[in-house]
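Computed from the coordinates by the stated procedures, all read-outs in this text should not be read as laboratory data. Being a predicted model, the structure only gives us computed values, none of them experimental. Because the Cβ atoms are built from the backbone with ideal geometry, glycine has one as well, and the counts that use them run over all protein chains shown.
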Amino acid sequence: MSNETILNRLRKGQVWLISEARALRAMPDMGVGTAREAMFVKMFLTWADLEHTLRFLEPETGCVMGSQCDPQALILCETCSSHET
Ligand SMILES: [Zn+2]
């Protein structure tokens, strides 16, 4: 899998995670304990692993979205979340 492929997967994954996070927030108790939440957590961990892999292969990688993650997105890449503080 090339770095470009990983980047594309991260971008698509982030879009999915953001929409799922919004959907869960709209559910009673934010969807805690539902199958949908379990899937979200699983996918989020997979996504984070993939991001670590990419940054290991290519330490110079900046924001996975190209310039900056949407601050409202709830799901930020490591570059953007490290700028949060
Ligand atoms: Zn980012």
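How many residues are within 17 Å of ALA73 (Cβ to Cβ) and among the hydrophobic types (A, V, I, L, M, F, W, C) when one looks only at segment 16-40?
The first filter runs over segment 16-40 and keeps only residues within 17 Å of ALA73 (Cβ to Cβ), leaving 16-26, 30, 40.
Restricting the remaining residues to those that are among the hydrophobic types (A, V, I, L, M, F, W, C) gives 16-18, 21, 23-24, 26, 30, 40.
So the count comes out to 9.
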Restricted to segment 68-85 and to residues being more than 8 Å from the ligand (Cβ to nearest atom) and not acidic (Asp, Glu), the residue surrounded by the most Cβ atoms within 10 Å (Cβ to Cβ) is ILE75
Which one of these does ARG11 not meet: (1) part of a helix (DSSP H, G or I); (2) away from the ligand (no atom under 13 Å from the Cβ)?
(2)
Quick check on segment 17-62: of everything there that is assigned to a helix (DSSP H, G or I) and of a type in the set (Val, Ile, Thr), which residue is surrounded by the most Cβ atoms within 10 Å (Cβ to Cβ)?
ILE18
If I filter segment 26-45 for residues that are of a type in the set (Lys, Arg), more than 15 Å from the ligand (Cβ to nearest atom) and either in contact (Cβ under 8 Å) with a residue 12 or more places away in the chain or at positive phi (or both), do I get at least one hit?
yes
